Amino acid sequence: MAIRNAVWDGRKVWEIDNGTLTLRVTVGGGHIASLTHREHPDLNPLWAPAWGGIEPWQYRGAGAERFASRLLASIRGHNLCLGWFGNPSADEQKAGQECHGEASVARWHALSRSTSAGAMSFACGCDLPVAQMRFRRTLTLRRGSDSVQVRERIVSLSRRDIPFTMSEHVTFGPPFLEKGVTVFDAPATKCHTYPIAFEPNARLKTNTAFAWPKGPGVKGGTVDMRMISKKDRVSSDFSTMLMDPRREDAWFSALNPRAGLMMVYHWRREDFPWVGNWEENHGRKVAPWSGVSLTRGMEMANTPFPMALRDAVDLGRFHGLRTYRWLPARGSLDIAYTILLRPIPAGTAGVTDVRRTTSGGLTVTHRSLPQDPRGRRGSRPSVRATSGVGWGD
């Protein structure tokens with residue numbers, strides 16, 4: 001087991017290796033940029049932009065023309081949107097603010113690291129002077145485990161209560177993300193497409209309620225939200241999913257049955273009652289996208305839509321839930337979640353449930369296609385469960 005400073009894909013990273021998983025976090029922006037399993041060492045499920053990238057502090061001059069924004073110049077995989085989730089207001093933009101807040105473009109600092117015979121922890125974080133917050137993330141991996149325990153603390157630097165929105169912006173990309181192959185599951189209930197036109201070439205009807213996983217097609221009919229279809233040659237969409245209010249926990253899974261690999265995020269529902277589903281399927285033609293990107297974001301959030309903080313506060317409530325959260329003056333908030341990366345057996349077709357066990361672990365129930373007596377896969381799903389460590393341990 002090791003925690004080390006490294007340079008990976010041209011970026012400064014902290015690399016954490018427990019013998020089963022290798023996790024990489026960028027110094028610039030604190031992005032969880034890569035998570036690989038020893039059985040699939042070359043398959044990182046998380047998005048690596050086709051245009052490459054630079055450190056956020058290198059963004060100037062020619063970089064602005066190439067990347068269009070400091071965020072796009074440095075974004076990788078799972079980035080943190082904190083303070084506001086979405087674009088700044090017009091006034092904030094004039095004052096120099098960008099999309100998704102400061103954390104994703106800040107220089108993060110290593111705060112502590114420890115290694116024992118059975119586990120290791122690494123803490124890093126950053127200060128957000130505009131949002132008046134201090135952020136700390138602690139990553140813990142047990143020896144040989146296929147999960148990462150994440151604990152985060154947001155501390156107020158202000159003497160007044162602060163409204164804020166945030167999102168753990170988890171984005172998947174090729175080769176793990178394949179159209180017509182990679183499937184996404186979640187305990188979603190009420191869903192809604194973006195209130196206004198999100199991008200041209202949408203596959204979903206604007207400002208429409210629906211029940212997971214049957215999205216409203218822009219040309220009528222329904223869209224299977226569990227995957228991006230091969231028939232959707234070009235599309236760009238956003239929709240929000242309310243996690244089951246009957247549960248205390250929430251989760252989503254991303255599974256590539258062809259590659260035999262599954263990634264799961266599991267968290268307390270009160271922290272993030274919404275998951276935003278962002279799809280970019282070769283739709284954005286402007287630089288740096290240039291029509292070549294395939295991504296799917298599963299964005300755990302305390303607000304349903306990416307929008308200016310002012311707009312989220314004005315919206316107030318959506319489906320009975322507040323659309324922003326308060327950080328008390330000089331107070332703090334704690335968040336916890338688990339990331340699980342695990343090989344899956346042949347015939348696995350999805351995930352039906354993820355639950356925390358009484359011992360603090362996770363049980364993942366798979367959907368699989370059973371074999372008929374002649375040894376061929378049937379069409380009716382069966383289920384089976386596997387266990388791992390959870391955020392409650």
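The values are calculated or read from the model by the stated rules, or taken from the named source; none is laboratory data. Since the model is a prediction, treat every value here as computed from it, not as a measurement. Reconstructed Cβ throughout: ideal geometry from the backbone, glycine too, with neighbour counts over all protein chains shown. The protein model used for the area step is the full one, side chains on, heavy atoms only, and it has no ligands, DNA or RNA in it. Shrake-Rupley method; radii C 1.70, N 1.55, O 1.52, S 1.80 Å.
Just tell me which lysines come within less than 27 Å, Cα to Cα, of Lys94; anything on the same chain fewer than 8 places away is out.
Lys285
Given Cα pairs under 8 Å that are at least 6 residues apart, what percent is the relative contact order of the stretch 66-218?
Contact order relative to length: 17 percent.
Go ahead and run the numbers for FRET between Leu157 and Ser89, Cβ-Cβ distance against an R0 of 25 Å, rounding to 0.05.
Details: r = 21 Å, r/R0 = 0.85.
It comes to 0.75.
Quick one: compute the contact order of the stretch 133-180, relative version, from alpha carbon pairs under 8 angstrom and 6+ residues apart, as a percent.
32 percent.
So how much slack lies between Arg143 and Glu65, counting 0.36 nm per residue of separation and subtracting their Cα-Cα distance, in nm?
Here the answer is 23.6 nm.
State to the nearest 20 debye the size of the charge dipole of the stretch 179-291 about its Cα centre, where the only charges are +1 on K and R beta carbons and -1 on D and E beta carbons.
The calculation lands at about 500 debye.
Once you list every other residue whose beta carbon is under 14 Å from the beta carbon of Glu102, what net charge do they have if Lys and Arg are +1 and Asp and Glu are -1?
Values: positive: Arg70, Arg107, Arg134; negative: Glu92, Glu98, Asp127.
Taking every Cβ under 14 Å from that of Glu102, the sum is 0.
In a Debye calculation with equal point scatterers on the alpha-carbon sites of the stretch 1-151 and no solvent, what is log10 I(q)/I(0) at q = 0.13, 0.18 Å⁻¹?
With one equal scatterer per Cα and no solvent, log10 I(q)/I(0) is -0.61, -1.07.
How many percent of the accessible area of the chain is carbon or sulfur, using a 1.4 Å probe? Before the final figure, lay out each step's value.
On the way: 8110 of 16280 Å².
Exposed carbon and sulfur together represent 50 percent of the surface.
Please get the size of the charge dipole for the stretch 322-370, origin at its Cα centre, with Cβ charges of +1 on Lys and Arg and -1 on Asp and Glu, quoted in debye to the nearest 20.
Here the size comes out at about 160 debye.
Identify which of Gly361, Gly221, Gly297 has the largest mean-square fluctuation in a Gaussian network model of the chain, with springs joining Cα atoms closer than 10 Å.
Gly221
With every protein chain present, what is the per residue accessible area of the chain (1.4 Å probe, Å²)?
Values: 16280 Å² over 393 residues.
Per-residue value: 41 Å².
Run the numbers for Ala209 and Leu43: contour at 0.36 nm per residue of separation, minus the present Cα-Cα distance, in nm.
So the chain would gain 56.2 nm between Ala209 and Leu43.
Suppose we look only past 19 Å in the calculated P(r) of the stretch 230-313. What percent of the Cα-Cα pairs does that tail hold? Please list the in-between numbers first.
Values: 1837 of 3486 pairs.
Above the 19 Å cut-off, the stretch 230-313 has 53 percent of its Cα pairs.
Taking K and R as +1 and D and E as -1, what net charge do the other residues with C-beta under 9 Å from the C-beta of Leu362 add up to?
Neighbourhood net charge equals +2.
Just checking my list [x] 64, 54, 42; [y] 79, 55, 34; [z] 67, 57, 43 against Cα extents along the principal axes in Å computed from this structure; which label fits?
After the calculation, the listed value that fits is [z].
Pairs of alpha-carbon atoms within less than 8 angstrom and 6+ residues apart define the contacts here; what relative contact order does the chain have, in percent? Provide the component values of the computation, followed by the final result.
Working: 1044 pairs, mean separation 60.6, N = 393.
Relative contact order, the chain: 15 percent.
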